[in-house]
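The values are calculated or read from the model by the stated rules, or taken from the named source; none is laboratory data. The structure displayed is predicted, hence computed values, not measured ones. Please note: Cβ atoms are built from the backbone with ideal geometry, for glycine as well, and neighbour counts cover all protein chains shown.
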Amino acid sequence: MKSGPFGLWIGMSLDDFDSDLEQTGEFQYRTFSVPKMHSAFESYNLIVTPNHGLAKIIAIGKNINTQSNGLNIKNKFNDLRLKSSPYPHLSIT
């Protein structure tokens with residue numbers, strides 16, 4: 001089986017998903033479970049089209065407690081950026 005970020009891969013069809021997907025719009029789905037979970041995220045929004053399969057993954061992060069300087073947020077962001085380095089096509093924003 002192919003595998004990429006979160007255990008998902010570009011081109012996956014809806015039948016390839018093991019978890020329940022909630023349709024939130026045309027070709028838009030949400031799930032709370034992926035094969036390779038990450039502790040920083042609580043849900044995943046997906047774009048899955050009939051012709052191209054999985055086209056986009058949007059990982060929704062958990063709330064981060066921080067002080068006014070925002071240091072905890074900056075640290076979490078930098079940590080995620082470093083951990084995504086095996087997947088250079090990922091956009092961490």
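Side notes on the structure shown:
- Once the range 1-49 is narrowed to residues that are of a type in the set (A, V, I, L, M) and either part of a loop (DSSP other than H, G, I, E, B) or assigned by TED's automatic domain parsing to the domain that holds ASN75 (or both), the residue that is farthest from ASN63 (Cα to Cα) is MET1.
- Residues that are of a type in the set (D, E, K, R) and out of contact with any strand residue (DSSP E or B) (no Cβ under 9 Å at 6 or more places or on another chain), drawn from the range 27-80: LYS36, LYS74, ASP79
- Filter result for LYS74 (basic (Lys, Arg), surrounded by 11 or more Cβ atoms within 10 Å (Cβ to Cβ) and at pLDDT 80 or above): yes
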